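Engineer: Once you've had a glance at the structure underneath, I'll fire off some questions.
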Amino acid sequence: VLGWPYREALRLDEALHPLALLATGLYGKPLPNQNGAPLRLVVPWKYGFKSIKAITRVRLTAERPRTSWNESAPSEYGFYANVNPAVDHPRWTQARERRVGEFRRRPTLPFNGYGEQVAGLYAGMDLARDY
Amino acid sequence: MRGAARALGPALFLFGALPFAVLAVQLFLVYTGRRPDLLGAEPVEALEHATGQLALRFVAFTLAVTPLRRIFGWNALARHRRMLGLFAFFYATVHLVVYAALDLELQLGEVAAEIVKRPYITVGTLSWLALVPLAVTSTRGWVRRLSGGRWLRLHRLTYAVAVGGTVHFWWSVKKDVTEPLVYTIVFAVLLGYRWLTRRSRAGAPGVAAG
């Protein structure tokens with residue numbers, strides 16, 4: 001469905017942020033395959049597709065690389081993909097979310113609630129344009 | 001053979017009602033937290049997909065009755081076409097209710113905004129609206145009142161519903177278009193059959209059956 005292999009990318013300052021993790025385990029156990037073993041990126045202030053699973057290769061590039069979902073549907077999935085309730089996905093609102101195990105929706109927080117820690121990375125940017 | 005013909009109605013009713021019963025039980029178990037995993041990580045989305053597909057399938061079953069009668073002579077189906085069509089309306093309505101009540105939690109302003117803003121929601125809503133007069137005029141009384149071919153002409157709206165529902169499905173898909181493609185092919189066959197046989201039917205009013 002998507003081009004092979006799945007590719008994702010972060011800006012260097014995003015990747016160096018203490019909240020951006022490379023996970024090898026989950027709940028004190030080694031990471032199961034379905035959660036992206038052996039190595040998975042976790043970027044908690046972005047939409048889930050940025051948190052690439054089962055990483056086999058990491059490269060440092062001078063130019064912004066093409067990333068899987070952004071390439072396949074650029075109007076729907078931006079490069080930054082920061083959680084932003086004010087920016088709709090073209091086909092649905094992203095103002096409210098339903099957490100796993102909860103049936104009711106709750107309001108979605110900017111940067112998934114990590115605004116205090118990460119908003120500074122995007123100072124001066126128009127996040128409605130760079131979604 | 002007579003017994004089989006008599007069992008056809010109840011069998012088709014079960015065939016139509018059973019998926020709803022299963023979904024209702026699943027929703028109950030998820031909602032009450034007894035089996036929170038039963039409908040996957042996105043239970044509401046799972047219900048939307050299931051009910052939307054059921055609606056499309058029953059539109060297809062309804063449209064399959066006429067070709068099956070003509071080609072295989074399965075005329076016993078004719079008496080049950082209304083039920084198949086009403087199941088299509090039923091599942092389309094459940095689909096819409098799940099969307100408005102469970103997905104958008106009855107924030108009616110939001111529902112209205114989404115219907116206007118998102119083309120696939122607009123098309124889906126229009127398709128459901130087109131089903132309403134068909135369901136209303138499905139009774140014997142209305143069939144009689146709309147005599148002289150008017151009932152048949154009105155119920156050709158089903159073709160528009162088939163197209164609209166399929167477009168709604170295509171536009172709602174993220175990337176994998178296999179399933180909408182399957183429905184497109186099925187509807188193309190069912191509508192294409194009518195188009196190809198329209199001339200031979202024009203001279204034979206006895207078999208006019210939409």
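Engineer: GNM on chain B, C-alpha springs below 10 Å: top fluctuator among B:130, B:55, B:76?
Structural biologist: Of B:130, B:55, B:76, the Gaussian network model singles out B:76 as fluctuating most.
Engineer: Now a separate question. Give the angle, between 0 and 90 degrees and rounded to the nearest 10, that separates the Cα long axis of helix B:157-172 from the longest principal axis of the Cα atoms of chain B.
Structural biologist: For B:157-172 against chain B, the angle is about 30 degrees.
Engineer: Among B:180, B:36, B:67, determine the one that fluctuates most according to a GNM of chain B built with springs between C-alpha atoms less than 10 Å apart.
Structural biologist: So, out of B:180, B:36, B:67, the one fluctuating most is B:36.
Engineer: In segment A:1-106, which GluC sites (Glu not before Pro) fall in coil by DSSP and have 11 or fewer other Cβ atoms within 10 Å?
Structural biologist: For GluC sites (Glu not before Pro) across segment A:1-106 that sit outside H, G, I, E and B with at most 11 neighbouring Cβ atoms in 10 Å, the list reads A:63, A:102.
Engineer: Rounded, prolate or oblate: which fits segment B:1-79 when a ≥ b ≥ c are the square roots of the eigenvalues of the alpha-carbon gyration tensor, with rounded for a/c under 1.5 and prolate only if a/b beats b/c?
Structural biologist: Oblate, because a/c is 1.5 or more while a/b does not exceed b/c.
Engineer: Let me test this: with uniform point scatterers at the alpha carbons of chain B, what is the Debye-based log₁₀ I(q)/I(0) at q = 0.08, 0.09, 0.14 1/Å?
Structural biologist: Rounded to two decimals, the profile gives -0.32, -0.40, -0.94.
Engineer: Please give the peptides B:38-51, B:82-95 ranked by average Cβ packing (other Cβ atoms within 10 Å per residue), highest first, as a rough proxy for protection. Walk me through the intermediate numbers first.
Structural biologist: On the way: B:38-51: 17.5, B:82-95: 21.6.
In decreasing order of mean packing, B:38-51, B:82-95 become B:82-95, B:38-51.
Engineer: Where is the GNM fluctuation largest for chain A (alpha-carbon springs, 10 angstrom cutoff): A:34, A:94, A:117?
Structural biologist: Greatest mean-square fluctuation among the candidates belongs to A:34.
Engineer: Go through B:153-162, B:15-24 and give me the packing order, highest mean Cβ count within 10 Å leading. Write out the running numbers ahead of the final one.
Structural biologist: Numbers: B:153-162: 17.4, B:15-24: 14.2.
Descending packing order for the listed peptides: B:153-162, B:15-24.
Engineer: Hey, got the dipole for segment B:95-207? About the Cα centre, +1 on K and R Cβ, -1 on D and E Cβ, debye to the nearest 20?
Structural biologist: In total the dipole reaches around 980 debye.
Engineer: Moving on. Shape verdict for chain A, please, from the Cα gyration tensor: rounded (a/c under 1.5), prolate (a/b greater than b/c) or oblate. Let's see the in-between values first.
Structural biologist: On the way: a/c = 1.36, a/b = 1.13, b/c = 1.20.
It is rounded, given that a/c, with a ≥ b ≥ c, falls under 1.5.
Engineer: Which angle between 0 and 90 degrees, to the nearest 10, do you get for helix B:81-97 versus the longest principal axis of chain B when only C-alpha atoms count?
Structural biologist: 20 degrees
Engineer: Name the residues whose placed amide hydrogens come within less than 5 Å of the amide hydrogen of residue A:46, ignoring near sequence neighbours (fewer than 5 apart) on the same chain.
Structural biologist: Counting only residues 5 or more places away or on other chains, the set is A:83.
Engineer: May I pose another question? Would you kindly derive the ³J(HN,Hα) couplings of segment A:75-82 from the backbone phi angles with the Karplus curve 6.51 cos²θ - 1.76 cosθ + 1.60 (θ = phi - 60°), listing them in order in whole Hz, with x for Gly and Pro?
Structural biologist: 6, 9, 10, x, 5, 6, 6, 6
Engineer: Please list the non-local residues whose amide H lies under 5 Å from the amide H of residue A:97, H modeled 1.01 Å from N, same-chain partners needing a gap of 5 or more.
Structural biologist: Here the answer is A:106, A:108, since their amide H atoms fall under 5 Å of that of residue A:97.
Engineer: Considering every residue in B:172-178, what mean count of other chain Cβ atoms within 10 Å of its Cβ is obtained?
Structural biologist: The shielding value for this peptide is 3.
Engineer: I need the calculated FRET efficiency for the pair residue B:156 and residue A:72, taking r as the beta carbon distance and R₀ as 35 Å, to the nearest 0.05. Intermediate results must be reported in sequence, preceding the final value.
Structural biologist: Values: r = 38 Å, r/R0 = 1.08.
Efficiency, from the Cβ-Cβ distance: 0.40.
Engineer: Let me ask something else. Please check chain A for the longest run free of trypsin sites (Lys or Arg not before Pro) that are loop-located per DSSP (anything but H, G, I, E, B) and have at most 14 other Cβ atoms within 10 Å.
Structural biologist: A:12-56
Engineer: Quick one: B:72, B:169, A:79, fewest Cβ neighbours within 10 Å first, how do they rank?
Structural biologist: Going from sparsest to densest Cβ surroundings: B:72, A:79, B:169.
Engineer: So, with +1 on the Cβ of K and R and -1 on the Cβ of D and E, and no other charges, what is the size of the charge dipole of the protein assembly as shown about its Cα centre, to the nearest 20 debye?
Structural biologist: 2100 debye
Engineer: Mind checking which of B:128, B:173, B:64 is farthest towards the positive end of the protein assembly as shown's charge dipole, using Cβ charges of +1 (Lys, Arg) and -1 (Asp, Glu) about the Cα centre?
Structural biologist: The Cα lying farthest towards the positive end belongs to B:64.
Each reported figure results from applying straightforward, stated rules to the coordinates on display, with no laboratory input. These numbers come from a predicted model, not from an experiment. Neighbour counts run over all protein chains shown; Cβ positions are idealised from the backbone, glycine included.
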